[in-house]
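What follows is calculated from the coordinates using simple rules that are stated; it is not laboratory data. Since this is a predicted model, take the numbers as computed values, not measurements. Every residue, glycine among them, receives a Cβ derived from its backbone with ideal geometry; neighbour counts consider all protein chains shown.
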Ligand code: HEC
Ligand code: HEC
């Protein structure tokens, strides 16, 4: 199936200009990751520091990177995340890689964009368990941050708005170009194995691209999970209905990006599938009524693994030291907020 499109693409290119024999796969439902644009680099640098700074949490121990580990595909590889007081969270941590491409943030899309999203975990009792007043006063008490905020925002007065603005700017840089699949899309036939090309053909022919398409291979719509048969889980999350109140949205979730999916196991909102092979099997059966053979499953998995792009690569940010007025970390035993207020 992959070759059908390929041939059509080449023929068009030939017809248009005989001098250019293009083998690029221009009409595919998936497009290559493009470089981030319009990044304010000083703001992104500040956001990088904040992303790695555990002082945004009440315990002084948990940073964004704890659950969105940039050495692990921007996720935590746990079924559901662990937050303040070692609490087991209610839902799987999605990757922050390429999250700027999402139509909205969170599995149920309750935050419109990255900036709005970043305010959530800081004050979530089950995640970083701080509150915006404490987080702001902590950051504002650190002389190095006051200086950095002044350089970026023209004022030393730190607010939750500027904190989340900077974090979101950093997150916009977290795109992962140059996946083997993208190189193949751009015409490098050597970039994919025959098995992966076959897997891509199956991925298209069986209808996966109805939901997993575009630059992020997902992230652009909310879809019911369990169209042909219900998904068996103990997880109480009901998806999009939590935002819209619309019965039709019960068990509708944001279609996850499949970029870097090889790295972001376990899969699904409950972390219920440990391997890609298992996830593909479940998707085939529940979303499309397809029972893939072992060989077909392996081919699709080979294709999915070709979606791993260049991972973020930079020096670890050096965080400015606390000042005399910086609130002390509230260790494990103090103040027992419980519950997961998502
Ligand atoms: C304790 C673990 C934990 C911490 C700490 C944490 N997150 Fe998350 N993050 C999650 C979980 C779990 C979700 C999914 C929640 C949901 O959808 O209901 C999530 C969702 C997200 C999303 C949405 C991605 C998507 O595809 O919808 C982004 C972006 C994100 N977090 C960024 C951040 C940033 C920035 C910070 C630091 C300010 C942070 N997270 C701190 C666990 C964590
Ligand atoms: C009708 C829309 C739809 C179709 C068709 C579809 N998916 Fe999905 N896919 C989803 C949704 C929604 C989720 C998230 C489910 C959840 O965890 O709640 C998902 C999740 C996944 C995941 C797990 C990603 C992660 O990070 O947790 C993989 C892998 C996946 N799909 C692959 C496929 C493959 C392969 C096909 C074709 C056989 C396919 N999907 C067809 C909507 C779809």
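A few notes on this one:
- In nm, spacing of pseudo-spin labels at residue 262 and residue 103 (7 Å Cα→C-beta vector): 2.9 nm
- Of all the options 156, 171, 198, the one that moves most in a Gaussian network model of the chain with Cα springs shorter than 10 angstrom is 156.
- Put the Cα centre of the range 41-62 next to the Cα centre of the range 277-321 and the gap is 28 Å.
- Cα long-axis angle, helix 2-16 against the chain (0 to 90 degrees, to the nearest 10): 80 degrees
- Here the gap between residue 159 and residue 188, fully extended at 0.36 nm per residue and compared with their Cα-Cα distance, gives a gain of 5.7 nm.
- GNM flexibility winner over the chain from 134, 304, 56 (Cα, springs under 10 Å): 134
- As a proxy for reagent exposure, 184, 86 were ordered by neighbouring Cβ count within 10 angstrom, fewest first; the result is 86, 184.
- Between residue 328 and residue 86, the FRET efficiency estimated from the beta carbon spacing at R0 = 25 angstrom works out to 0.80.
- Per-peptide packing, taken as the mean over residues of other Cβ atoms within 10 Å, places 63-71, 147-155 in the sequence 63-71, 147-155 from highest down.
- Degrees between helix 160-172 axis and first principal axis of the chain (Cα, 0 to 90, nearest 10): 30 degrees
- Estimated purely from DSSP H runs of n ≥ 4, each contributing -39500 (n - 2.57), the mean residue ellipticity at 222 nm for the chain is -10000 deg cm²/dmol once divided by its residues.
- Residues 261, 96, arranged from fewest to most other Cβ atoms within 10 angstrom of their Cβ, appear as 261, 96.
- Paramagnetic label zone (point 7 Å from Cα along Cα-to-C-beta, residue 275; backbone N under 16 Å) in the range 290-322: 292-305
- Angle of helix 143-153 to the longest C-alpha principal axis of the chain, folded into 0 to 90 degrees and rounded to 10: 50°.
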